[in-house]
Amino acid sequence: MHQKDYDLLKELCPPADYKATRIDFAFRWVFDRMSNRDNFRSQYHKKPGRFLIREDREKCEALALSFFTSMQAAEKQFRILKTHLGANVYRTLGTRLAAGYLRESDGLNSRPDQRGHFNHHPFETARHAERFKIIDIL
């Protein structure tokens, strides 16, 4: 989906170890309505100016969408970020938790880390909003 942006980086993005895998249960922070265009928009594209002087690795991560492997992991990480960033975190990251699934044809995924977080670099054909539903308030 972001090939023009990837081409500007000296580092391979998405990384070579990212795979097109189906993930049956994925969780993501979203805003009040699933129709909000920022729900499945990368942090890089929400505020590109924040990344002008960042390393290519950080830009690549910011081009990905963050997902979690469990509701508990998503909620815990949100609480941690809220503690560090304050209440304004809601404006940037979302106000709700959505659950759904990712198809192999949606994009490339990193392996989940110890916190249950993984990065997802979407393909142009991905239709995430059609397969995710809001399940909780953050």
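The values are calculated or read from the model by the stated rules, or taken from the named source; none is laboratory data. The model shown is predicted, which means the values in this text are computed figures rather than measured ones. Here the Cβ positions follow ideal geometry from the backbone for every residue, glycine too, while neighbour counts run over all protein chains shown.
Annotations
- Single residue of the range 79-131 satisfying the filter (part of a helix (DSSP H, G or I) and among the acidic types (Asp, Glu)) that is surrounded by the most Cβ atoms within 10 Å (Cβ to Cβ): Asp106
- Residue pairs meeting the criteria (Cβ under 8 Å; at least 6 apart or on separate chains; first under 13 Å from Gln114 (Cβ atoms), in the range 71-83; second buried (at least 18 other Cβ atoms within 10 Å of the Cβ)): Ala73/Phe27; Gln77/Phe68
- Check on Ser66, under 24 Å from Cys13 (Cβ atoms), among the polar types (S, T, N, Q), outside any helix (DSSP H, G or I) and modelled with pLDDT of 95 or more: yes
- Condition met for Lys76 (over 27 Å from Pro15 (Cα atoms) and not hydrophobic (A, V, I, L, M, F, W, C)): no
- Which numbered condition Ala87 misses (of (1) small (Gly, Ala, Ser); (2) over 18 Å from Phe132 (Cα atoms); (3) in contact with a Pro (Cβ under 6 Å, 6 or more places away or on another chain)): (3)
- Verdict on Ser105 being in contact (Cβ under 8 Å) with a residue 60 or more places away in the chain, among the small types (Gly, Ala, Ser), in contact with a Ser or Thr (Cβ under 7 Å, 6 or more places away or on another chain) and closer than 24 Å to Pro15 by Cα: yes
- Scanning the range 57-69 for residues that are touching a residue at least 24 places away in the same chain (Cβ under 8 Å) and surrounded by 15 or more Cβ atoms within 10 Å (Cβ to Cβ) gives Lys59, Cys60, Glu61, Leu63, Ala64, Leu65, Ser66, Phe67, Phe68, Thr69.
- Filtered residues of the range 71-103 (kept if of a type in the set (A, V, I, L, M) and either on the phi > 0 side of the Ramachandran plot or in contact with a Lys or Arg (Cβ under 7 Å, 6 or more places away or on another chain) (or both)): Ala73, Val89, Ala98, Ala99, Leu102
- Checked against (1) within 15 Å of the chain's Cα centre (by Cα); (2) at pLDDT 95 or above, Lys133 meets all criteria but (1).
- The range 9-29, residues that are surrounded by 11 or more Cβ atoms within 10 Å (Cβ to Cβ) and farther than 23 Å from Ala73 by Cα: Leu9, Glu11, Leu12, Cys13, Pro14, Pro15
- The set of residues in the range 108-138 that are without any contact (Cβ under 8 Å) to a residue 60 or more places away in the chain and of a type in the set (Gly, Ala, Ser) contains only Gly116.
- Residue that is farthest from Arg115 (Cα to Cα) [pool: residues in the range 84-101 that are free of Cβ contacts under 8 Å to residues at least 12 places away in the same chain and within 17 Å of the chain's Cα centre (by Cα)]: Arg91
- Qualifying residues in the range 32-48 (those that are under 14 Å from Leu65 (Cβ atoms) and buried (at least 17 other Cβ atoms within 10 Å of the Cβ)) - the one farthest from the chain's Cα centre (by Cα): Tyr44
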